[in-house]
């Protein structure tokens with residue numbers, strides 16, 4: 001996808017560096033970055049100026065942006081707060097995305113990632129470095145598939161779920177919304193909403209009774 005106008009970067013931390021690098025590799029125009037940490041204002045990130053707080057984005061005249069923040073709930077909240085913004089979909093040229101796959105607005109797909117036929121990826125999702133999403137998977141909005149995580153065919157990942165680095169999910173399993181799959185875990189059963197699982201095979205170690213993500 002091509003963009004004629006510069007794309008604003010929301011966030012200026014480590015994750016933003018990878019988003020900016022992905023935009024640059026794809027030959028897309030990068031504008032300024034915006035971050036609510038005052039210590040970052042007036043500096044640069046990979047040569048991109050950090051203009052100020054996120055609230056300054058509209059007055060700076062940007063109409064399109066990408067949320068470069070790793071926290072899933074924060075991406076959701078910002079996407080709802082910032083109305084009138086066109087959300088850029090960013091795919092690294094060294095990612096492999098089948099033409100039949102559907103990728104939502106605001107989603108980023110990093111180098112080495114693979115998305116196979118008829119996968120459906122929602123809005124503001126992160127498909128991180130070297131992650132694989134096999135055929136007919138469904139990944140809902142605000143989820144994050146961490147580096148080196150692997151999803152077999154027809155896996156469903158719920159809204160806001162986090163699939164940890166190096167973890168694996170066998171075919172036809174479902175991960176509930178806002179759940180966390182720990183690093184290196186092997187998911188062989190369905191995972192319910194708002195839980196954290198770890199291990200091989202993955203087992204529940206925490207239930208989010210407060211359900212802070214439900215709004």
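The values are calculated or read from the model by the stated rules, or taken from the named source; none is laboratory data. For clarity, every value in this text was computed on a predicted model and none was experimentally measured. So basically every Cβ, Gly included, is an ideal-geometry build from the backbone, and we count neighbours across all protein chains shown.
Quick notes
- In the stretch 48-74, the residues that are out of contact with any strand residue (DSSP E or B) (no Cβ under 7 Å at 6 or more places or on another chain) and at pLDDT below 95: 55, 58, 59, 61
- Matching strands (runs of 3 or more DSSP E) fully within the stretch 1-82 where at least 1 residues are free of Cβ contacts under 8 Å to residues at least 40 places away in the same chain: 30-34, 48-52
- Some residue of the stretch 85-94 being surrounded by fewer than 17 Cβ atoms within 10 Å (Cβ to Cβ), farther than 17 Å from residue 174 by Cα and in contact with a helix residue (DSSP H, G or I) (Cβ under 6 Å, 6 or more places away or on another chain): yes
- Tally of residues being buried (at least 17 other Cβ atoms within 10 Å of the Cβ) and over 12 Å from the mean Cα position of the chain (by Cα) across the stretch 99-110: 1
- Of everything in the stretch 163-184 that is more than 21 Å from residue 116 (Cβ to Cβ) and touching a strand residue (DSSP E or B) at 6+ places or on another chain (Cβ under 7 Å), the residue that is surrounded by the most Cβ atoms within 10 Å (Cβ to Cβ) is 179.
- Scope the stretch 185-197; condition part of a loop (DSSP other than H, G, I, E, B) and either out of contact with any strand residue (DSSP E or B) (no Cβ under 8 Å at 6 or more places or on another chain) or farther than 14 Å from residue 145 by Cα (or both); matching residues: 188, 189, 190, 192, 193, 194
- Residue tally, condition part of a loop (DSSP other than H, G, I, E, B) and either under 15 Å from the mean Cα position of the chain (by Cα) or closer than 16 Å to residue 141 by Cα (or both), over the stretch 83-98: 4
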